[in-house]
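The values are calculated or read from the model by the stated rules, or taken from the named source; none is laboratory data. All figures in this text were calculated on a predicted structure; none of them were measured in a lab. Cβ atoms come from the backbone with ideal geometry, glycine included; neighbour counts cover every protein chain shown. Heads up: the accessible areas ignore ligands, DNA and RNA and are worked out on the full protein's heavy atoms, side chains in. Shrake-Rupley method; radii C 1.70, N 1.55, O 1.52, S 1.80 Å.
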Amino acid sequence: TRSGSVTGVQTCALPISNLKKHYSLPGSFFGQPRIVRAVDDLSFEIARGETLALVGESGCGKSTVGKAVLRLFDITSGQVLLDGRRIDELSDGRLRPLRRRMQVVFQDPFSSLNPRLSVREAIAEPLRNFGLAASGAEMDRKVEEILDRVRLPHDAARRLPHEFSGGQRQRIGIARALAPSPDLIVCDEAVSALDVSVKAQIVNLLKDVQQELGLALLFISHDLAVVENISHRIAVMYLGKIVEMAPKRSLFAGPRHPYTQALLSAVPIPEPGVRRERILLRGDLPSPISPPSGCRFHTRCPYVFDRCRTEEPELRNIGPAHVAACHLDALPKRASEGAVPEKARV
């Protein structure tokens, strides 16, 4: 699926095709090996200067996608390209020079920082590793420039992580990610551990940095209010697969997949007196060891019909840069508009 147009976006920075990551578990189930299908055939791309948000319930495979993009482990199959060059099959030695172009900001800003390293040492480490500073004076100058970019004072360089608040520590994490001048930053729940006001500050910082540097962001989150604020496009994941992907405005204005509709129904409306009917999903998220046949969402979908239980839906175009994997979109328009929850049928 090609990305939609985004103001300021140039060429595609990261195309991913048919990405799979399966884990083998010890033991067997009735003689069959137990395999966790954490990510099962994902394809998407992120353009320069674009933020693609990856959303879904815990356990759907969002973080696994981020780790696969960063090559923190080998993938089961598929392709991950960086500017037209496959990185999924590179050896560690050949991949090392490219790692500076892909950085990450983790969820917990305290545990992701070495408590024994000062802020200067933490930011200088990637500069030193990739040979990006010729002298100590140049190193100090670059560290100060990065601190300015994340809006921290220069004297912060001498202090240790425990001397900062959560929001300040996350700024240090962002500074460390920016140090080697990357093309892509994966933000894995980067604001979920922060207070609401601090969360807004960090989101605004990421947007400003992206605009200044033309970064591509893969923003992994379960907070749809934050996603609406920062993203250009949104991909909704369910049980290892993308079930809907669209530009932000299109998705929030007209979600087409029942799972996306349920997620958006839980987002608080910031207007007093305005109510939204909440869609409550029945049951729990199925196990990725034994996903349901047909549509993986059919065990919880309020609109399920016979075809959903046997045939897996494919992502199909339903609007400009808007795709969804739902059999309701394959029905004649009148039939799909008249669909009612299964429990309401006679």
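Over region 177-264, with the other protein chains present, what is the accessible area per residue in square angstrom, probe 1.4 angstrom?
Ligands and nucleic acids excluded, the figure is 32 Å² per residue.
Which entries of 20/248; 21/199; 21/142 have Cα-Cα distances beyond 29 Å here? Where the Cα-Cα span goes over 29 Å, the pairs concerned are 21/199; 21/142. Pick the calculated P(r) over Cα pairs in 20 Å bins from 0, in percent for this structure from [x] 35, 57, 8, 0; [y] 28, 55, 16, 1; [z] 31, 61, 7? Label [y] holds the value from this structure. Extension gain for residue 267-residue 114 works out to 51.5 nm (0.36 nm per residue, less the C-alpha to C-alpha distance).
Assigning unit charges at the beta carbon (Lys, Arg +1; Asp, Glu -1) and nothing else, what dipole magnitude in debye, to the nearest 20, does the chain show about its Cα centre?
Details: 48 positive and 39 negative charges, 72 e Å.
Computed charge dipole of the chain: roughly 340 debye.
Our estimate of slack between residue 121 and residue 321, defined as 0.36 nm per intervening residue step minus the Cα-Cα distance, is 67.6 nm. Here region 109-148 has 48 percent of its accessible surface on carbon and sulfur atoms, given a 1.4 Å probe and all protein chains in place.
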